[in-house]
Amino acid sequence: MDKSGDKLLSEKPDLNQVLFSWKSASHPYKKRSRVFYQTIAAFSFLMIVIVFFLHEFLLIGVILSIAFVVYVISSVPPIEIEHKILPIGFDNVGRVFRWEELNSFWFDRRWNQDIMVIQTHYPLQPQLQAVIDSDMRDKLKNLMGKYLLYVEKPPKTAFDKLSEWMMNKLPLESAS
């Protein structure tokens with residue numbers, strides 16, 4: 001009994017084994033200029049004036065809340081966090097997402113930073129994003145490809161298309 005139990009344990013993979021790990025910024029970050037914040041403030045003020053004349057005072061609170069969230073997200077620099085790839089899933093800052101909970105992955109680039117995006121099955125958290133170094137891209141593609149589907153071009157949702165159109169039509173800061 002003892003020898004067969006040892007044999008069974010030796011055949012099973014160690015679920016706590018770290019296949020690959022790296023430390024990176026918690027999110028892609030771009031230091032915003034003063035013009036960006038002034039544009040957000042002017043756009044919010046304009047919307048508040050319009051909504052005030054429509055007597056929708058609750059909507060004024062919503063506009064102020066959204067402006068505050070944009071300010072906080074844009075002004076808080078990222079912290080350094082650790083990501084791990086385990087035999088049972090992807091460890092994102094201590095929260096392990098099992099491979100069954102994840103769908104596919106791809107690489108993206110935002111503000112001169114490479115990002116690995118992992119699609120999940122959760123409606124409230126549809127994507128995980130991890131900032132990576134450009135030299136890690138091939139190694140991550142090979143390792144993650146053993147567990148998840150690699151997508152060259154991710155499908156764009158209606159929200160993605162709308163936000164891309166708005167960013168092109170309403171730039172919040174100059175291109176310089």
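The values are calculated or read from the model by the stated rules, or taken from the named source; none is laboratory data. No experiment lies behind these values; they were computed from the predicted model shown. Neighbour counts are summed over all protein chains in view; Cβ atoms, including those assigned to glycine, are modelled from backbone coordinates with ideal geometry.
Condition (residue is assigned to a strand (DSSP E or B) and in contact with a Lys or Arg (Cβ under 9 Å, 6 or more places away or on another chain)) applied to region 162-169: is it met by at least one residue? No: zero hits. Considering region 20-40, the residues that are part of a helix (DSSP H, G or I) and among the polar types (S, T, N, Q) include one that is surrounded by the most Cβ atoms within 10 Å (Cβ to Cβ), namely Thr39. Across region 118-176, which residue is modelled with the highest pLDDT among those that are of a type in the set (S, T, N, Q) and either over 19 Å from Asp91 (Cα atoms) or touching a Ser or Thr at 6+ places or on another chain (Cβ under 8 Å) (or both)? Going through the qualifying residues, I end up with Gln119. Taking (1) out of contact with any Lys or Arg (no Cβ under 8 Å at 6 or more places or on another chain); (2) of a type outside the set (A, V, I, L, M); (3) in the same structural domain as Arg109 (by TED's automatic domain parsing) in turn, Glu56 satisfies each apart from (3).
Out of curiosity, is Phe52 in contact with a Gly (Cβ under 8 Å, 6 or more places away or on another chain) and not basic (Lys, Arg)? The answer is no for Phe52. Only one entry of Ser65, Ser74, Ser44 meets the criterion of being of a type in the set (S, T, N, Q), surrounded by 15 or more Cβ atoms within 10 Å (Cβ to Cβ) and at pLDDT 90 or above, and that entry is Ser44.
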